[in-house]
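Asker: Got a structure for you, questions after.
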Amino acid sequence: MQFQQLQYFVAVAETRHFTRAADLVHVAQPSLSQQIKALERELGADLFLRARGNITLTDAGEALLPLARRILADADTARHEVQELVQLRRGRVRLGATPSLCTGLLPDVLRAFHDRYPGIRLLIEEGGSHDLVRELARGALDLALVVLPLPSPSPALTTVELLREDLVVVSSPEAPRPGGDRRTVRVADLEGERLVMFRHGYDLRELTVAACRAEGFEPDLAVEGGEMDAVLGFVRAGLGVAVVPRMVAARSGRGLRVTPLARPGLHRTIALAHRSDVAPPRAARELQRMLLER
């Protein structure tokens, strides 16, 4: 049984005329008649009672008609659904990102993407780079924004460098400025400062602790274990200072003093990652393009 045969059958059933049905489906009348006969042979039953000027459905035809209409309607729905996906009217993008990137980089890009493609659902998962790489590998994410170098390099992932971001020191305006009155602060100046530190597994934690140890001291932690919003809140409350990305500090609003790190400073490299063996869906590829062109 062919899909086209069902189209021809429904056309004849609705017009009760082979020639008018052929015109309706834009096919020659002999071809339509041949396909109807082939369908009848396939089903083992006549579908029409043919009399001069009078075409009626047999019992078999009556039974087939609602099923054929349903099949054609389902096919039309399937075609419409696929076209909407292809034209980015519907669908979803599963994007992973570190919490600091969700705060700093993503809001503007996601707003632009949503304005252009309002029918696409955006599913965001926050986590450290290690967790996001694992979720990418098992197919739970389409794309992920990760910090390079990856904690465990994976040949199954493709990464494209997105940006290199400076880190800065944030403190409460009511507390003494870290490093004294200088306009910049060195990592060495953080010795003796109470630090508000992110939880274990947080990329910024590893980077900050490694930088302090490279200067020959262990950081003095006032509070530890928080996510980005909690860390910024603790700093506003005067519990200590923290090292955060510049974009996060710029969007954090009032209640924080931002002090750049003196050269060479601290930086982190952000990359966009996806699986190498599976192409991201079209909607994800469009978000990827917008991120790379930001």
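Asker: Gly265 passes all but one of (1) modelled with pLDDT of 90 or more; (2) in a loop (DSSP other than H, G, I, E, B); (3) under 14 Å from the mean Cα position of the chain (by Cα); which number fails?
Answerer: Evaluating Gly265 over (1) modelled with pLDDT of 90 or more; (2) in a loop (DSSP other than H, G, I, E, B); (3) under 14 Å from the mean Cα position of the chain (by Cα) leaves (3) as the failure.
Asker: Could you tell me which numbered condition Leu65 fails, if it satisfies all but one of (1) within 30 Å of Val231 (Cβ to Cβ); (2) open to solvent by less than 50 Å² (accessible area, probe 1.4 Å)?
Answerer: (1)
Asker: I'd like the full set of residues that are aliphatic (A, V, I, L, M) and in contact with a Gly (Cβ under 7 Å, 6 or more places away or on another chain), limited to the stretch 169-202. If you could, list the steps in order and put the result at the bottom.
Answerer: Within the stretch 169-202, the subset aliphatic (A, V, I, L, M) is 169-170, 175, 185, 187-188, 190, 195-197.
The answer is Ala175, Val185, Leu195, Val196.
Asker: For the stretch 14-40, what are the residues that are farther than 19 Å from Asn54 by Cα and touching a Phe, Trp or Tyr at 6+ places or on another chain (Cβ under 9 Å)? Working first, answer last.
Answerer: Quick first cut of the stretch 14-40, residues farther than 19 Å from Asn54 by Cα only: 25-28, 31, 35, 38-39.
Passing the criteria: Val25, Val27, Ser31, Gln35, Leu39.
Asker: Just give me the residues in the stretch 78-109 being under 18 Å from Leu292 (Cα atoms), aliphatic (A, V, I, L, M) and touching a residue at least 60 places away in the same chain (Cβ under 8 Å), in sequence order.
Answerer: Val93, Leu95, Leu101, Leu105, Val109
Asker: Please state which one of Ala210, Ala222, Ala156 is modelled with pLDDT under 90 and open to solvent by less than 80 Å² (accessible area, probe 1.4 Å).
Answerer: On inspection, the qualifying residue turns out to be Ala156.
Asker: Cβ-Cβ distance below 8 Å, separation of 6 or more or different chains: which pairs start in the stretch 204-228 with a residue that is within 15 Å of Arg194 (Cα to Cα) and end on one that is polar (S, T, N, Q) and open to solvent by 20 Å² or more (accessible area, probe 1.4 Å)?
Answerer: Listed by first residue and then by second, the contacts come to nothing, as the list is empty.
Asker: Would you please list the contacts, defined by Cβ atoms under 6 Å and residues six or more apart or on different chains, that run from a residue in the stretch 1-16 that is over 11 Å from Leu64 (Cβ atoms) to a residue that is open to solvent by 80 Å² or more (accessible area, probe 1.4 Å)?
Answerer: Within 6 Å, the pairs are Ala11/Leu24.
Asker: Shifting gears a bit: Can you confirm whether the stretch 112-130 contains a residue that is of a type in the set (S, T, N, Q) and free of Cβ contacts under 8 Å to residues at least 24 places away in the same chain? It would help to see each step written out before you state the result.
Answerer: So in the stretch 112-130, the residues of a type in the set (S, T, N, Q) come out as 129.
Subset that is free of Cβ contacts under 8 Å to residues at least 24 places away in the same chain: none.
Looking through the stretch 112-130, none of the residues is of a type in the set (S, T, N, Q) and free of Cβ contacts under 8 Å to residues at least 24 places away in the same chain.
Asker: Another question about this same structure. Is it the case that Ala249 is aliphatic (A, V, I, L, M), in a helix (DSSP H, G or I), touching a residue at least 12 places away in the same chain (Cβ under 8 Å) and surrounded by 16 or more Cβ atoms within 10 Å (Cβ to Cβ)?
Answerer: Spelling it out, Ala249 is indeed aliphatic (A, V, I, L, M), in a helix (DSSP H, G or I), touching a residue at least 12 places away in the same chain (Cβ under 8 Å) and surrounded by 16 or more Cβ atoms within 10 Å (Cβ to Cβ).
Asker: How many residues are open to solvent by less than 70 Å² (accessible area, probe 1.4 Å) and farther than 17 Å from Val25 by Cβ when one looks only at the stretch 45-60?
Answerer: Number satisfying all stated conditions: 6.
Asker: Looking only at the stretch 159-203, count how many residues are open to solvent by less than 40 Å² (accessible area, probe 1.4 Å), on the phi > 0 side of the Ramachandran plot and touching a residue at least 24 places away in the same chain (Cβ under 8 Å).
Answerer: Qualifying residue count for the region: 1.
Asker: A follow-up question, please. Could you check Ser276 against (1) farther than 30 Å from Ala211 by Cα; (2) surrounded by 20 or more Cβ atoms within 10 Å (Cβ to Cβ) and say which number it fails?
Answerer: Among (1) farther than 30 Å from Ala211 by Cα; (2) surrounded by 20 or more Cβ atoms within 10 Å (Cβ to Cβ), the lone unmet condition for Ser276 is (2).
Asker: Restricting to the stretch 74-97, and then to whatever is over 30 Å from Leu143 (Cα atoms) and open to solvent by 50 Å² or more (accessible area, probe 1.4 Å), can you tell me which residue is modelled with the highest pLDDT?
Answerer: Asp74
The values are calculated or read from the model by the stated rules, or taken from the named source; none is laboratory data. All values derive from a computational prediction rather than experimental measurement. With ideal geometry, Cβ positions are generated from the backbone for all residues, glycine too; neighbour counts draw on all protein chains shown. Just the protein is used for accessible areas: all its heavy atoms, side chains included, with ligands, DNA and RNA removed. Shrake-Rupley method; radii C 1.70, N 1.55, O 1.52, S 1.80 Å.
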